[in-house]
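The structure appears below as structure tokens.
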Amino acid sequence: MAAARSVLRDIRRVTLTAVAAGALAAGVVVVLAAGARLRAWFGLTPEQPVDVPVAELWLDNARALLLAFGAAAAVVWWPRARLALDVLVCFVLGANVLLVAVAFGAYGEPLLRLAPGHYVLELLAVATAGAVYLDARRENELRSRVVAGCAATVAVLLLGAAVLESAGA
């Protein structure tokens, strides 16, 4: 039960950190009036979304989060690499969150209207993957129940997000 509480606490902390960093990033885009340049860089067309299959959306998102699970194993087996793994996990998960936040800042409501529910599910999946890494780092062991529970949760969250995003497209 203590493991579940600590993982839930980590999920909450990662989620709040991601929301705060994302809001800051989106705000910077708006304040700097960089929306037009970023829209050209992203090249998205929220008015004419592309139909992407659910399986492809799920796989793309799952691949991005696999690093956190691999890093969880690595931090236990190779504790001397902890600092490098911390930076790597923060960079990969943070970059995913910030790319979406910057896109929100650049596109605003048209992007949000596509499938608002899937963003929340993806954020929770990112936070859950981050929690696996934090748990392994803190406990100096890879707890199979934590990894299995979080992996199942991430898979379900990403499936829900992919279904919503595909239907929204």
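The values are calculated or read from the model by the stated rules, or taken from the named source; none is laboratory data. Everything quoted here is computed from the prediction, not taken from an experiment. Note: ideal-geometry Cβ built from the backbone for every residue, glycine included; neighbour counts use all protein chains shown. What goes into the accessible areas is simple: the full protein's heavy atoms, side chains included, and nothing from ligands, DNA or RNA. Shrake-Rupley method; radii C 1.70, N 1.55, O 1.52, S 1.80 Å.
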Taking region 96-129 and keeping only residues that are acidic (D, E) and farther than 19 Å from V31 by Cα, one is left with E122
The number of residues in region 28-82 that are open to solvent by 70 Å² or more (accessible area, probe 1.4 Å) and touching a Gly at 6+ places or on another chain (Cβ under 6 Å) is 1
Of the residues in region 35-60, those that are hydrophobic (A, V, I, L, M, F, W, C) and under 12 Å from Y107 (Cβ atoms) come to A36, L38, A40, W41, F42, L44
Any chance L88 is open to solvent by 60 Å² or more (accessible area, probe 1.4 Å), farther than 24 Å from L59 by Cα and at pLDDT 95 or above | no
Which residues, counting only those in region 136-169, are crowded, with 21+ Cβ neighbours inside 10 Å and charged (D, E, K, R)?
-> E165
Check region 123-135 and report whether any residue there is open to solvent by 70 Å² or more (accessible area, probe 1.4 Å) and assigned to a helix (DSSP H, G or I).
-> no
